[in-house]
1. Quick check on ASP30: is it over 26 Å from ARG126 (Cβ atoms) and modelled with pLDDT of 90 or more?
2. Sort through ASP459, ASP484 and tell me the only one that's outside any helix (DSSP H, G or I) and out of contact with any strand residue (DSSP E or B) (no Cβ under 7 Å at 6 or more places or on another chain).
3. If LEU165 satisfies every condition in (1) modelled with pLDDT of 70 or more; (2) out of contact with any Asp or Glu (no Cβ under 9 Å at 6 or more places or on another chain); (3) more than 20 Å from ILE492 (Cβ to Cβ) but one, which is the exception?
4. Would you mind stating whether ASN108 is over 27 Å from the mean Cα position of the chain (by Cα), surrounded by 12 or more Cβ atoms within 10 Å (Cβ to Cβ), modelled with pLDDT under 90 and closer than 23 Å to PHE59 by Cα?
5. Report, ordered by the first and then the second residue, all pairs with beta carbons closer than 8 Å, sequence separation of six or more or different chains, a first member in segment 64-76 that is in contact (Cβ under 8 Å) with a residue 24 or more places away in the chain, and a second member that is polar (S, T, N, Q).
6. Given the criteria buried (at least 21 other Cβ atoms within 10 Å of the Cβ), farther than 24 Å from ALA267 by Cα and modelled with pLDDT under 85, does GLY368 qualify?
7. Please list, ordered by first then second residue, the pairs with beta carbon atoms under 7 Å, 6 or more apart or interchain, first in segment 271-296 and of a type in the set (Gly, Ala, Ser), second buried (at least 17 other Cβ atoms within 10 Å of the Cβ).
8. Does at least one position in segment 253-267 carry a residue that is assigned by TED's automatic domain parsing to the domain that holds LYS337 and touching a Ser or Thr at 6+ places or on another chain (Cβ under 7 Å)?
Amino acid sequence: MKLTLQTYVRKGLFYKSVVEDGSDIIFIVDYTGMVLYHNRSVRETLGYSNNSLIGKNFFDFVPPQVLPYFKKQFASSIRKTYNKGVEFQFKCKDKSYKYLEFNSVNLNKKEGIEGLILDCRDITQRKQDAEELSRAQKAKEQFLANISHEIRTPINGIAGMAGLLSQNPSHEEQKTYLNAIKSAADNLKVIINDILDLASIESGKLQLEKIGFNLNDLLHSLIETFSMQAKEKRINLTYTLEKEADRIFIGDPVRLNQILINLISNAVKFTHVGSIQIKVQAQKQKGDFFKLRFDITDTGIGIPQDKLQTIFESFSQADASVTRKYGGTGLGLTIVKQLVELQGGSIYVSSKENAGSTFTFYLTYQAGKKAKAIEARNYQPKTKEPFKYHSILLVEDNDINRLYASSILKMWGCHFETAENGVVALEKIRNNSFDAILMDVQMPVMDGLETTKAIRQGDPKKRDVLIIALTANATQQDFQKCLDAGMNDCIIKPFTQQDLFNTLNKHLGRKVIAKKENSVSKPEDEPLVDLTYLKKMSNNNQDFINEIVDTFLESMPANIEEIKVNARTDNWEQVAKVVHKIKPTISLMGIHSLKDKIAKLEQEAKLNPGSANSKTLTDEVTSILTLAIKSLQLTS
């Protein structure tokens, strides 16, 4: 016979399913707080066995600090028929406390019994989430206050010094004011880069390079960078590199440099007497991989023990007074931790107040076969007019930025013209020939991306001109938009003379025969693989070049096969990912005939997967890469 709802209610069968076996904790207590009944949920939530709390006083399980508040709410429940949403803490079997919330029913109002039914729910997680949200909100508010202060300070310095420069200062005063402006601008750039780096890491957009580098060169350069600050504070700054670690490794030296700069910068900032020591040890792993241990030890102010757990969290410093005294965004160590973990490593800190700190991190790198050090050098102009025979179009709408870039190009002896937007630029390109175009991205009338697309689809004789983006949008996604539009490279604003020279030299410097003024030179066939850039960046170190070539020969066949297989199976998303991954290698190896094709293939694989053009480009890219491998095998 089927059970009816009326029978179910009449027999009280709901009692077992709703009260006895329900997820809520049900207490029945008298007006003095004596527990007369509780259901089985006290075992699951609070750890007490069945019926073990009967006969005990409810108030004894509420912590003393909140008991007055709880008794007040309990008395209010006695006066009302119903009461709801009363939060309190209850002691568990293991002596910990959980947050509960009760709704009460007064039995005296309906049944004439002096007692309360307390329907309690576990709200511990909700309270923890609320506390975490509140803590995060306060941290972000503090961060915004710090950022506001940090940005306003250098801007105020720049504006103030610029005002003083307009008041006819002496030559010595001019130098002082200009140095102050440069220092303030550098500080502002660091703050902005920190924010952008964190955003890039947390969004998963940060791409890691795999190129050769030598730790001895990297550390030597870092010591030189901080040597002046250390001397001014009379701090002894040194580094020790184990013999096993003094070799060529394959990885991302830029990100390693960023980690070390942050840690050394902190050490210098917080150390007023004594020393800072950097030590690198290497432990051999399987095959040709090494696990490197980096220790940065200082004798500075140290970190309180209760702050060591939060020192790597976003927007936090050990103490608010630290921000006021030393400045900073509180993002440096967050970026360090995320960069280390992004490369599969780990980082730790040990510290004692007023005695110093040691930051230790581990990273694993593949090692090369040769151990000869290479000298790291920045590109430097060999003459005062390094681009004398080149013609450049500067497309920039901002008057100050246009003046800045024009002044540099004029100093380098370039023939250059300017345009304030894309429409003017297209007109100038139609009537003139240029070796390179420096293209601002955000402009009125016609922006840089639209202008670039128009150039690439325009006059066949001019569509392959070198286009370098000038942009203040510094995320990886923005950089990719520039490449997708057809640009060859990107310079992030604010840029230095060195940044502009490096980028122009990378692309224009490989032209062996310089153009003569008022003459036309006959273009020569470029080799399939041009190692000019590799030779320049390694100071023509043959061991280093061999290592990079060997790595290319070992890894590229698998990449070619992966592109082919995924194209055959119509997995174009993976084709785009593989192509994007090997793009930096194409530039590094100087396979110039592939630069445009590989950018177009990535774009086609994303926007028009499976199209005839995507398949044609796949065949062309894999064929040229295969020929490049054979070419290198014959010459190596």
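The values are calculated or read from the model by the stated rules, or taken from the named source; none is laboratory data. Since the structure is predicted, the reported quantities are computational estimates derived from the model, not experimental observations. Because the Cβ atoms are built from the backbone with ideal geometry, glycine has one as well, and the counts that use them run over all protein chains shown.
1. Numbers: over 26 Å from ARG126 (Cβ atoms): yes; modelled with pLDDT of 90 or more: yes.
For ASP30, the condition - over 26 Å from ARG126 (Cβ atoms) and modelled with pLDDT of 90 or more - is met.
2. On inspection, the qualifying residue turns out to be ASP459.
3. (2)
4. Yes.
5. Every condition considered, no pair remains.
6. yes
7. GLY274/ILE235; GLY274/THR299; SER275/ILE235; SER275/THR299; ALA282/ALA245; ALA282/PHE290; ALA282/LEU292
8. Quick first cut of segment 253-267, residues assigned by TED's automatic domain parsing to the domain that holds LYS337 only: 253-267.
Going one step further and asking which of them are touching a Ser or Thr at 6+ places or on another chain (Cβ under 7 Å), we end up with none.
No, the conditions are met nowhere in segment 253-267.
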